[in-house]
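Enquirer: What follows is a structure written as structure tokens; I'll ask about it next.
The values are calculated or read from the model by the stated rules, or taken from the named source; none is laboratory data. Given the structure is predicted, the values throughout are model-derived calculations rather than measurements. Because the Cβ atoms are built from the backbone with ideal geometry, glycine has one as well, and the counts that use them run over all protein chains shown.
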Amino acid sequence: MITNEYTIKPITIKPAVIVSSPINVNEVNEQGSSALHMAATSRSKDDIKNIIAMGANIFHEDMFNESPLISAFHRPGYDKEKYEVIELLLSEMIGRGFNINDKSHADGISLLEYAIVEVGDDIVVKSLLKLGANPMQRNEEGYRMIDMAILAEDENIMDLFHSKGFEYDEESIGVGLELYNTADHDAEDVLENVYFYANASKNTINEINEITEPSIAELNGGNLWAS
């Protein structure tokens, strides 16, 4: 009688070892944008706080030399959360040694000048002022930020500066004249963007009226300060 005997050895099953791969929050896409760049354009303030807490580099610039803060500047809409995100990112940057008045943008300009010229959003400008941006700072061409608002023909930003106590003066009127002499628009626009806010002497105004044709005062019915 043939007997087949099999010895069955017990099999020891070891518990599976799960290897976790940590998420790299600083990984970038083809355009050099990080998770924080993308979150800054659409996600909530709390989401952005979490990404920063995970070690995101708030200073990283994409291939267009834009930081997550600049991405937030261009966030669509004008909702409250947009400005909360901007102030959160900026506060984090300042807390890590960033000087808000540095001319550190890719074009060698300050954040305030960028907000005036490239964004044109007075609430963004207000957020920058709140955190220490200087409207009297001069750019590389010698223009003060309050006067850059004239060149940008942005009445809302001009009104914001005026409401914060930064008065437009004779230098501002000179910038307005420069705009008047070079830009392709009606003289009334210069009046609206400069004279309404200017705090200049009567002599200066008389001198200006002598070299503008037609007289800006005449265009406004002889009243330089009419609204």
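Conditions (1) of a type in the set (D, E, K, R); (2) more than 12 Å from the chain's Cα centre (by Cα); (3) within 13 Å of ILE48 (Cβ to Cβ), marked per residue:
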| position | (1), (2), (3) |
| --- | --- |
| PHE64 | no, yes, no |
| PHE73 | no, no, no |
| SER91 | no, yes, yes |
| PHE98 | no, yes, no |
| LEU112 | no, no, no |
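Enquirer: Restricting to the range 150-170, give me the number of residues that are without any contact (Cβ under 8 Å) to a residue 40 or more places away in the chain, closer than 13 Å to ASP122 by Cβ and outside any loop (DSSP other than H, G, I, E, B).
Expert: 8
Enquirer: If the Cβ limit is 6 Å and pairs must be 6+ apart or interchain, which residue in the range 22-35 that is modelled with pLDDT of 90 or more pairs with which residue that is of a type in the set (Ser, Thr, Tyr)?
Expert: Listed pairs, sorted by first residue: ASN26/SER34.
Enquirer: Another question, then. Any residue in the range 103-121 that's over 15 Å from MET158 (Cα atoms): show its pairings with residues that are part of a loop (DSSP other than H, G, I, E, B) and basic (Lys, Arg) at Cβ separation under 6 Å, as long as the two are six or more apart or on different chains.
Expert: Between residues of the range 103-121 that are over 15 Å from MET158 (Cα atoms) and residues that are part of a loop (DSSP other than H, G, I, E, B) and basic (Lys, Arg), the close pairs are ILE109/LYS103; SER110/LYS103.
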